[in-house]
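*Asks:* Structure incoming, see below.
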Amino acid sequence: MSYNLQVTIDKSSGFCFGVVYAIEMAEDILDSEGYLYCLGDIVHNDEEVERLTNMGLKIIDHEVLKTLKNEKVLIRAHGEAPSTYQLALENNLTLIDASCPVVLKLQNRIKNSHDDDEQILIFGKHGHAEVIGLQGQTNGEAIVFQDLAELDNVELPSKFTLYSQTTKSVDKFYGIKDELLSRGYEVKANDTICRQVSNRYEELENFVSHYNKIIFVSGKKSSNGKVLYDVCKKYNDNSYFISNVDELDKSWFNENDKVGICGATSTPMWLMEKVKSALEQY
């Protein structure tokens, strides 16, 4: 029996410009030189990382970076802390800097706040590459928190400056700001959330309402993927999170279902196309 599924890919899903920029830089160097080191996963998507590794991309961590000399190393869209640039100078490494412009601007603002002796709070995910780079602008002095409960046992100064990781939810950021103000703190809030990411929320909300089933494709490590999948689930209960084609399950579908496919800012279009082809075989 054929399910005759009608499958549509969300046109506004897929790589954000920061990721496109990093991947194009990597591909150019791989084409001409055959290999390139990259500090951390170039994108939080295992399938895309595998495609580039097969082209010669070598993913390394900071420990390995310390041992490299006279090599080229790609800095991915998430950005890096100042210490990485210092190390590159010492080891004669050429950094191919593909830091996202939105992240660089935020790093700069945080550094200026820190230089002005402001106390800094960063709403972001602990251990996330972008957040490590942001905290590095403050010599590790900024307080990072994922949710308000973490601040309950922290002795906060009476006034501080609030920043956010670029891929966080705008609503959550302003909710946190309001709550901190209501607790009597003097809060200078800087909304530094990437609009290319936040606009996706509304686009997704609109997209998912037109389909019986939603397949959301994203790497498990993507912060942005988790946030966007929550949006899908909120507006369409029949939303399923997968990282690759093998995770599809035929039992999710009924005959003649209209199926929408969408993804994170780190989900490659070719992977969504692959999912579409698989569904059309049902």
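The values are calculated or read from the model by the stated rules, or taken from the named source; none is laboratory data. Note that the coordinates shown come from a computational prediction; the quantities given were computed from them, not determined experimentally. Backbone-built Cβ (ideal geometry, glycine too); neighbour counts: all protein chains shown. Ligands, DNA and RNA are excluded from the accessible area calculation, which covers all protein heavy atoms including side chains. Shrake-Rupley method; radii C 1.70, N 1.55, O 1.52, S 1.80 Å.
*Asks:* Conditions first: (1) of a type in the set (A, V, I, L, M); (2) touching a helix residue (DSSP H, G or I) at 6+ places or on another chain (Cβ under 9 Å); (3) over 26 Å from Tyr240 (Cβ atoms). Val154 passes all but one, so which condition is the exception?
*Replies:* Result: Val154 passes all but (2).
*Asks:* Hey, could you check segment 23-44 for residues that are among the aliphatic types (A, V, I, L, M) and within 26 Å of Phe207 (Cβ to Cβ) and say which is modelled with the highest pLDDT? Can you show your working first?
*Replies:* First pass over segment 23-44, keeping only residues among the aliphatic types (A, V, I, L, M): 23, 25-26, 29-30, 36, 39, 42-43.
So of that shortlist, the ones also within 26 Å of Phe207 (Cβ to Cβ) come out as 23, 43.
Numbers: Ile23: 95, Val43: 90.
Among those that are among the aliphatic types (A, V, I, L, M) and within 26 Å of Phe207 (Cβ to Cβ), it is Ile23.
*Asks:* Same structure again: Can you confirm whether Val103 is within 15 Å of the chain's Cα centre (by Cα) and either open to solvent by less than 10 Å² (accessible area, probe 1.4 Å) or of a type in the set (Lys, Arg) (or both)?
*Replies:* yes
*Asks:* Name the residues in segment 163-177 that are touching a strand residue (DSSP E or B) at 6+ places or on another chain (Cβ under 9 Å) and either open to solvent by 20 Å² or more (accessible area, probe 1.4 Å) or under 23 Å from Pro101 (Cα atoms) (or both), would you?
*Replies:* Tyr163, Ser164, Gln165, Lys168, Val170, Lys172, Phe173, Tyr174, Lys177
*Asks:* Given segment 197-282, what strands (runs of 3 or more DSSP E) lie entirely inside it while holding 2 or more residues that are aromatic (Phe, Trp, Tyr) and either open to solvent by 10 Å² or more (accessible area, probe 1.4 Å) or touching a residue at least 24 places away in the same chain (Cβ under 8 Å) (or both)?
*Replies:* 239-242
*Asks:* Quick check on my filter: what residues within segment 17-62 are under 17 Å from Val217 (Cα atoms) and open to solvent by 20 Å² or more (accessible area, probe 1.4 Å)? Walk me through it before giving the result.
*Replies:* Residues of segment 17-62 that are under 17 Å from Val217 (Cα atoms), as a first pass: 19, 43-51.
Hits for segment 17-62 are His44, Asp46, Glu47, Glu50, Arg51.
*Asks:* Can you name every one of the strands (runs of 3 or more DSSP E) wholly within segment 62-126 that holds 3 or more residues which are free of Cβ contacts under 8 Å to residues at least 24 places away in the same chain? Break it down stepwise before answering.
*Replies:* On the way: elements: 72-75, 94-97, 120-123.
Where strands (runs of 3 or more DSSP E) fall fully within segment 62-126 and carry at least 3 residues being free of Cβ contacts under 8 Å to residues at least 24 places away in the same chain, they are 94-97.
*Asks:* A further question follows. Of the residues in segment 137-176, how many are within 22 Å of the chain's Cα centre (by Cα), not acidic (Asp, Glu) and not in a strand (DSSP E or B)?
*Replies:* So the answer is 17.
*Asks:* Related question: Would you tally the residues in segment 221-241 being among the charged types (D, E, K, R) and either at pLDDT 90 or above or under 14 Å from Gly260 (Cβ atoms) (or both)?
*Replies:* Final tally of qualifying residues: 4.
*Asks:* Something else now. Say we look at segment 179-196 and pick out the residues that are touching a strand residue (DSSP E or B) at 6+ places or on another chain (Cβ under 9 Å) and not in a strand (DSSP E or B); which of these is nearest to Lys226 (Cα to Cα)?
*Replies:* So the residue we want is Ile193.
*Asks:* Considering segment 140-162 alone, what residues qualify as being open to solvent by less than 80 Å² (accessible area, probe 1.4 Å) and more than 21 Å from Asn108 (Cβ to Cβ)?
*Replies:* Those that are open to solvent by less than 80 Å² (accessible area, probe 1.4 Å) and more than 21 Å from Asn108 (Cβ to Cβ): Phe145, Gln146, Asp147, Leu148, Ala149, Glu150, Leu151, Val154, Leu156, Pro157.
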